[in-house]
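The block underneath contains the structure these notes are about, expressed in structure tokens.
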Amino acid sequence: MSGYRLAAPHGAFINRARPLSFTFNGRPLAGFAGDTLASALLASGVRLVGRSFKLHRPRGVFSCGVEEPCALVDVGRGSRRTPNTRATVLPLQEGLSAVSVNCWPGVSVDIGALNGLLAAALPAGFYYKTFKWPGWRWFEPAIRRMAGLGHAPLEADADHYEEIAQEADVLVVGGGIAGLACAVAAARAGAAAWLLSSSERLGGALSYRGDREVAELAEAARRFGVRILTRTTAFGVYDHNLLVACERTCAEGDPDLPQCVLRERLWKIRARHIVSAAGSFERPLLFPDNDRPGVMLAHAAARYALGYGVACGKRAVIAANSDGAYAIARDLRAAGIEIAAILDRRAQAGPDADTRQMKIVTAAAITAVHGRRRVRGCHFASTGGSPRGRAERIECDLILSAGGYTPAVHLHSQAGGRLRYLSDSAMFVPDGAAPGLYSVGACAGVFARGPAVGHAAALGEALVRGHLVPAAPVGGAGRAEAVTRVAGLGGKQFVDLQNDVTAADVELAARENYRSVEHLKRYTTTGMGTDQGKSSNINALIVMGECTGRVPAEVGTTRFRPPFVPVSLGAIAGRRAGSLYRALKELPAHGWHAGHAAQFETFGDWRRPAAYPQPGETVETAALREAATVRSRAGLFDGSPLGKLEVYGPDAARFLDLMYVGTMSKLAIGQARYGLLLSEHGTLVDDGIVARLGPQHFWVNTTTAGIDRTAAAFEEWLQCEFVDFRVLVTPVTSRWANLTVAGPRAWQWLAAVGLTDELAPQAMKHMTLRASRLGEIPLRVLRASFSGELGYEVNLPADHAEGLLERLWERSGEIGACLYGIEALQVMRIEKGYLHIGSDTDGTTLPQDVGFARGIEHKGANFVGRRSLARPAALAAGRLQLVGLKSADARSLLPVGAHIAAHAPPAPIDGRVTSSCFSPALALPIALALLSEGARRTGERVRLWHLGQEYQAQVVKTPFFDPQGERLNG
Amino acid sequence: MADPFAGLPLAVADLKVELIEAPCAGSLRYFDPTGLLAQAVHTACGVALPGTGRAASTPRGDLILAWRSPTETVLLAADQAALAALGTAVAAATDGYLIELTGAVRVLRLSGVRIADLLCRLGGTASVAQPGESRRSRLADVPVLTLSLRRLETQLLVDRAYLPHLLNWMRETLLDFAAA
């Protein structure tokens, strides 16, 4: 056993009176309330926690916080299994169950470790190299199988996640002493101040020391009304001072949680001022096998000892490169951990080094680590000359790395702040404030306690009072050198422990002429793991600098992007899961349709009846029956989702002329006309019917899915281009239900329920609209048809939809009519060759591609998109044009999406099927397709390919059915 | 999908959500908020068109007027007669008109001290209307107009097609309120 529990008073965070039991890889272990999983594992003597990503090397706990690259575990069971959880920030729960990731059959014996034998064949840029030679496809299957670390649950997540939006005057991120001082000062000055802390405990790096000033500030924060959110990690800063944070609202891994709980909460806080007090990370040193279980960050070991009462080892060697190592050594020694030696890479030890109490060797570096699954000792040698000089062995079970500090500048960088490099302490610090975001404490490079507190408080007050904000008194971190690797030694010196990127990989990238740190990151994958390189980025760029003859300031850092820590998809989705995944609309008569066996499907954001299957029918067979019934007798269709706009004003007619292909200003009151709406590029945006209600009042029907984009296009043109037009556009889709009655007996049916004779086909022509009444119910009745049959679209106030449906249905028997859904409507409109925007068009389709060239020629006046229709590309040969297809064998349904090509793929594609059905009227499969130069290819036989199967079809003209349109009049 | 209307009104401690049955609604559209139509409204109702982001009720209390855009005021009426009377009053105005929206919108009444708690979980703080305010916002990812005329009470106007979605989102949120 290496780790063990220290006696009180060490262990400020834990409650020894409350022991907890848990399992790790099935092994029962024990810890205390207040432990993290990592501290409990260390206290239990567990060193081997996981395996690395690429080489499957054994790994242990490396840090004590969010920067952890190695100790990742899958926690929980069933739907509550959470993959890749950092053991260092996971509070221990009674009954918690955790397993190691990325190993098989287990963490001790892992077949994947054979990858280590192939390490030489897996250099930096391996993927990129295989793209060139011998071919990525040789490696892709195996790499895809090996990709990833933990396992996501297969079951649906039954828990809740919520999103909450708030506003703040001053929002402080970080519950350390600087953050507290800033929040208290802001609140005292009258601001609505917030403070977010990842930890449950306030105090940051001082939280385990029982610091009196921290306690006083925490008390003052409560007194002045600072809103404090603990267990809440800010992970992103976005435009206009929007900060997003994730709060853990339940005990992760607790097996006794109720069935369905609020698991995480996403905070979206818009703040007048954001203050980052995020602290800093300790930077590791590079030396051979610096990834062995038992090698860890020095500051983490101190935190485990003092905070959790855990000795990470009995005898430690500290590899140092900074002054901070000495204070840590004293803390550990005071806790009872023997310090075998401090090996300082620098020529001179730190100013507070006490050589009488500890063995301190300067200009020395570790040259070898002994032990594979746990540290058993190390060799070190002088770096003054050759590192291969006489090496001395030290027996130890713990090697601590103290390479200086890296301020957590992530939020500052996300907000667009710049960085500057401090060579004496080898760190990047904020170069002034970022827009809307200020930094205090260690993340600002202010490490000395007094100046940090003073600066933070002054800044908090200045922000509220509008005073000049004080500059950060950067300093106090001590000396550190940007020398990290030991050259000329065997063994792997890891830069990025999570992604198995070594100093040699960085050197290779440099030799291959990668100079930008952004390119280095992507080529080697350093900093691209779940830890996002918190402990590796700076070392990578220092090594890069050494290889390319540049100082770190010249190399620079990559841009930090959100999220700062991994965030669950559940937290991001919030309530948007299950039935709330997407906001769907319901018909006014949804319940009525449900009561008549409607099978609902989603079309254009609406839940609509696809068909009304009878016993033994599928949706498809029901649709064929319904279509045949409409053609022979009559059918009733709920078209309420059809988009409806009222366009009103003295310039309404002129405006609609500009918006549509088709002249609307010439419509008489009560007349209607089909129109195509184009973008300024000439491509089809939507289609619909425009009817005139009055001299300056129009009714516009859009497609169901096109209402929002049509209304938005109208408003955009009115507000940005036709600004002098006096036109009002009002969406009224939900005001009016639309019940469409179609078929040769349509009028007979409508007359039976009381519609007056003025609406009869003899009195009312196709494409006209009449205002009428059915008793007290106002109607707007449009004679139009998307089925090719005599059709009436009866628009009535939505509250009356169910009533009219019921009245019609009561009389359906005598008509022999049926209800029909959207699938039957699709069948009938394909038979008629009617265009369906979005199905039969794409973002390049022009009116002339779908048979509207004559409409354009007939219109003399200008309209939106007209000029683009004369561009060379619009007139070029080879454009995709809408045609009809008949299945050559009269049996095979032509699949939507099938490619039309002369040869089996890969081959030049000539077009594709856009709509397809079996036609009950023609008793054969038919389809619509966009085909290159299709208009001149009528009669041609074409070959189609879909998922490895070939089909053949003949190109035909449309409509397939009733080409003279005689059925429109019943 | 669960029946969104089951168990209405929704209630937890300090918060109640009720669906107002059959509200009469309309929309005044105009080119000029001080023009002929606006004057006709003032004369007929005794109240001016509310300014940007404002809501008001008529002295008789039979109509609520809520700003929705620089060219639109939404109307909620106690009954059809009040709406019809206003329609008649503005019929002669040539710079705008009244569109009847009865049946197109549904109205939820929220009452209690936790209204803001609920709204900031459905959308954002911008959705929280103070007395006399009318706010366009998105709640539960759908457009909603929130308006308040008195403390501890807010009305939400939502397209009827989206009401089930909004209610289901609220129901889940309130379940978590109750469990907390």
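The values are calculated or read from the model by the stated rules, or taken from the named source; none is laboratory data. In this text the structure is predicted, and so the values were computed from the model without any measurement. Glycine also receives a Cβ, built like all others from the backbone with ideal geometry; neighbour counts cover every protein chain displayed. The accessibility values were calculated without ligands, DNA or RNA, using every heavy atom of the protein model including side chains. Shrake-Rupley method; radii C 1.70, N 1.55, O 1.52, S 1.80 Å.
General observations
- Answer residue from the range A:678-720, given it is of a type outside the set (Val, Ile, Thr) and in a loop (DSSP other than H, G, I, E, B) and is surrounded by the fewest Cβ atoms within 10 Å (Cβ to Cβ) among those: A:Pro695
Conditions tested, residue by residue: (1) within 24 Å of A:Val729 (Cβ to Cβ); (2) surrounded by fewer than 17 Cβ atoms within 10 Å (Cβ to Cβ).
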{"site": "B:Ala6", "(1), (2)": "no, yes"}
{"site": "B:Leu15", "(1), (2)": "no, no"}
{"site": "B:Ala22", "(1), (2)": "no, yes"}
{"site": "B:Arg68", "(1), (2)": "yes, no"}
{"site": "B:Val105", "(1), (2)": "yes, no"}
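- Taken over the range A:845-866, residues that are within 13 Å of A:Gly682 (Cβ to Cβ), of a type outside the set (A, V, I, L, M, F, W, C) and not in a helix (DSSP H, G or I) amount to 4.
- Considering residues of the range B:107-122 that are open to solvent by less than 20 Å² (accessible area, probe 1.4 Å) and assigned to a helix (DSSP H, G or I) only, the residue nearest to A:Gln166 (Cα to Cα): B:Cys120
- Matching strands (runs of 3 or more DSSP E) fully within the range B:1-83 where at least 2 residues are modelled with pLDDT of 95 or more, touching a helix residue (DSSP H, G or I) at 6+ places or on another chain (Cβ under 9 Å) and of a type in the set (Gly, Ala, Ser): B:24-30
- All positions within the range A:155-172 that are open to solvent by less than 20 Å² (accessible area, probe 1.4 Å), within 7 Å of chain B (Cβ to nearest Cβ) and not hydrophobic (A, V, I, L, M, F, W, C): A:Glu162
- Candidates in the range A:720-737 are the residues that are free of Cβ contacts under 8 Å to residues at least 40 places away in the same chain and under 15 Å from A:Glu680 (Cβ atoms); of these, the one that is nearest to the other protein chains (Cβ to nearest Cβ) is A:Cys720.
- Scanning the range B:93-102 for residues that are farther than 18 Å from B:Ala25 by Cβ and modelled with pLDDT of 95 or more yields B:Ala93, B:Asp95.
- Listed by position, the strands (runs of 3 or more DSSP E) enclosed by the range A:553-651 that each have at least 1 residues that are surrounded by fewer than 16 Cβ atoms within 10 Å (Cβ to Cβ) and touching a residue at least 12 places away in the same chain (Cβ under 8 Å) are A:599-603.
- Checked against (1) out of contact with any Gly (no Cβ under 7 Å at 6 or more places or on another chain); (2) away from every other protein chain (no Cβ under 14 Å); (3) open to solvent by 20 Å² or more (accessible area, probe 1.4 Å), B:Pro59 meets all criteria but (1).
- Long-range neighbours under 6 Å by Cβ, at least six apart or interchain, first residue at negative phi and surrounded by fewer than 24 Cβ atoms within 10 Å (Cβ to Cβ) within the range A:34-52, second among the basic types (Lys, Arg) and in a loop (DSSP other than H, G, I, E, B): A:Leu48/A:Arg373
- Identity of the residue in the range A:239-277, away from chain B (no Cβ under 13 Å), open to solvent by less than 60 Å² (accessible area, probe 1.4 Å) and in a loop (DSSP other than H, G, I, E, B), that ends up farthest from A:Arg561 (Cα to Cα): A:Asp254
- Considering the conditions (1) within 13 Å of chain A (Cβ to nearest Cβ); (2) under 27 Å from A:Ala577 (Cβ atoms), B:Leu110 is excluded by exactly one of them, (1).
- Among strands (runs of 3 or more DSSP E) entirely within the range A:316-429, having at least 1 residues that are open to solvent by less than 50 Å² (accessible area, probe 1.4 Å) and in contact (Cβ under 8 Å) with a residue 60 or more places away in the chain singles out A:364-370, A:377-382, A:392-395, A:398-402, A:405-407, A:419-422.
- The set of residues from the range A:867-908 being within 39 Å of the chain's Cα centre (by Cα) and either part of a strand (DSSP E or B) or among the hydroxyl-bearing types (Ser, Thr, Tyr) (or both) comprises A:Ser868, A:Leu880, A:Gln881, A:Leu882, A:His899, A:Ile900, A:Ala901.
- Residue match in the range A:173-184 (condition: in a strand (DSSP E or B) and open to solvent by less than 20 Å² (accessible area, probe 1.4 Å)): yes
- Within the range B:136-162, considering residues that are more than 8 Å from chain A (Cβ to nearest Cβ) and either over 27 Å from B:Thr71 (Cα atoms) or part of a helix (DSSP H, G or I) (or both), the one most open to solvent (accessible area, probe 1.4 Å): B:Arg151
- When the range A:87-112 is filtered for residues that are farther than 14 Å from A:Gly150 by Cβ, of a type in the set (S, T, N, Q) and open to solvent by less than 20 Å² (accessible area, probe 1.4 Å), only A:Thr88 remains.
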